[in-house]
Amino acid sequence: MFSQFMSSFNRFSEIHHFAKPNDDRALQLMTYSAQSVMDEYKDIILCYGQSDEYSFVFKKNTKLFCRRASKLMTNVVSLFTSTFVFTWSRYFSTQDLKYPPSFDARTICYPSDQNLKDYLSWRQADCHINNLYNTCFWKLVQEKSLSPAESQARLKGTLSSDKNEMLFTEFNINYNNLPEIYRKGTILIRQKKNEESETFTSITSSNTQPKKCLPRILTLNVDMIANKFWTEYSYLLER
């Protein structure tokens with residue numbers, strides 16, 4: 001089961017002067033907000049984010065909120081949004097929040113592991129497609145002084161190979177060398193429990209026996225479409 005939300009960020013990003021095509025501050029804030037949701041709800045096994053979207057995957061047998069879709073959705077999206085607003089100044093220290101953002105959401109229950117993998121693969125493929133287009137679009141606007149309409153017309157009907165060639169020949173950019181966070185999005189997973197070796201001791205308690213840390217959250221910008229990811233992190237779908 002997973003909950004996904006999306007935002008109407010075009011106006012929000014324009015008013016807050018986000019860098020185009022990718023604003024590192026906004027991406028980091030989105031990821032921090034997703035981590036906060038994952039910290040709060042331990043049944044979330046994986047989050048995937050790109051641009052202004054995040055998907056939250058709950059373990060198969062979650063009993064959280066008695067599996068009520070509306071409760072899962074509203075609690076996830078409300079905590080994400082409040083964290084985004086509350087933490088805004090940490091990432092946008094020189095820019096005030098002009099108005100509160102809003103996010104819409106949906107909850108879907110997939111019947112099989114393969115359905116879930118297909119969905120996440122599709123989201124990551126979409127990340128690549130959108131980023132390739134937006135990288136070309138904004139290069140044409142910012143460096144070739146084309147209007148948005150002219151840039152859109154220039155890219156109409158082009159294939160991925162055409163866009164890659166344009167970036168290389170006109171802007172000396174090898175698309176594959178761009179940061180992976182832009183091309184592949186961000187994956188959040190919990191580290192496998194038996195890999196946790198760190199301990200801590202409470203200094204306020206008379207009991208000084210070491211206590212195990214909670215599994216920490218890993219932030220990855222890797223390919224999730226090939227089987228390698230699901231082989232390396234096979235424990236995710238066992239939960």
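The values are calculated or read from the model by the stated rules, or taken from the named source; none is laboratory data. Just so we're clear, the structure is a prediction, and the values are computed from it rather than from any experiment. Here the Cβ positions follow ideal geometry from the backbone for every residue, glycine too, while neighbour counts run over all protein chains shown. To get the accessible areas, we keep the full protein, side chains included, count just its heavy atoms, and leave off ligands, DNA and RNA. Shrake-Rupley method; radii C 1.70, N 1.55, O 1.52, S 1.80 Å.
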Within the range 139-153, can you find the residues that are in a helix (DSSP H, G or I) and either under 14 Å from N164 (Cα atoms) or of a type in the set (S, T, Y) (or both)?
K139, L140, S151
Identify, from the list C127, C136, the residue that is assigned to a helix (DSSP H, G or I), in contact with a strand residue (DSSP E or B) (Cβ under 7 Å, 6 or more places away or on another chain) and surrounded by 18 or more Cβ atoms within 10 Å (Cβ to Cβ).
C127
If I ask for residues that are under 22 Å from Q28 (Cβ atoms), modelled with pLDDT of 95 or more and not hydrophobic (A, V, I, L, M, F, W, C), which ones from the range 201-237 would you list?
T219, N221, D223
Within the range 172-200, residues being modelled with pLDDT of 90 or more, touching a Lys or Arg at 6+ places or on another chain (Cβ under 9 Å) and surrounded by 14 or more Cβ atoms within 10 Å (Cβ to Cβ) number 5
Please verify whether the range 36-50 includes one or more residues that are farther than 18 Å from F86 by Cβ and among the hydroxyl-bearing types (S, T, Y).
yes
Given the residues S33, S82, which is the only one that is at negative phi and without any contact (Cβ under 8 Å) to a residue 40 or more places away in the chain?
S82
Among (1) closer than 30 Å to N174 by Cα; (2) open to solvent by 70 Å² or more (accessible area, probe 1.4 Å); (3) touching a helix residue (DSSP H, G or I) at 6+ places or on another chain (Cβ under 6 Å), D52 falls short only on (2)
Can you tell me how many residues within the range 94-110 are closer than 18 Å to L72 by Cβ and among the acidic types (D, E)?
1
Among residues belonging to the range 78-116 that are modelled with pLDDT of 95 or more, hydrophobic (A, V, I, L, M, F, W, C) and within 23 Å of L236 (Cβ to Cβ), point out the one that is most open to solvent (accessible area, probe 1.4 Å).
L79
Select from the range 60-75 the residues that are open to solvent by less than 50 Å² (accessible area, probe 1.4 Å) and of a type in the set (V, I, T) and list them in ascending order.
T62
Just a yes or no: is a residue in the range 25-37 open to solvent by 50 Å² or more (accessible area, probe 1.4 Å) and among the small types (G, A, S)?
no
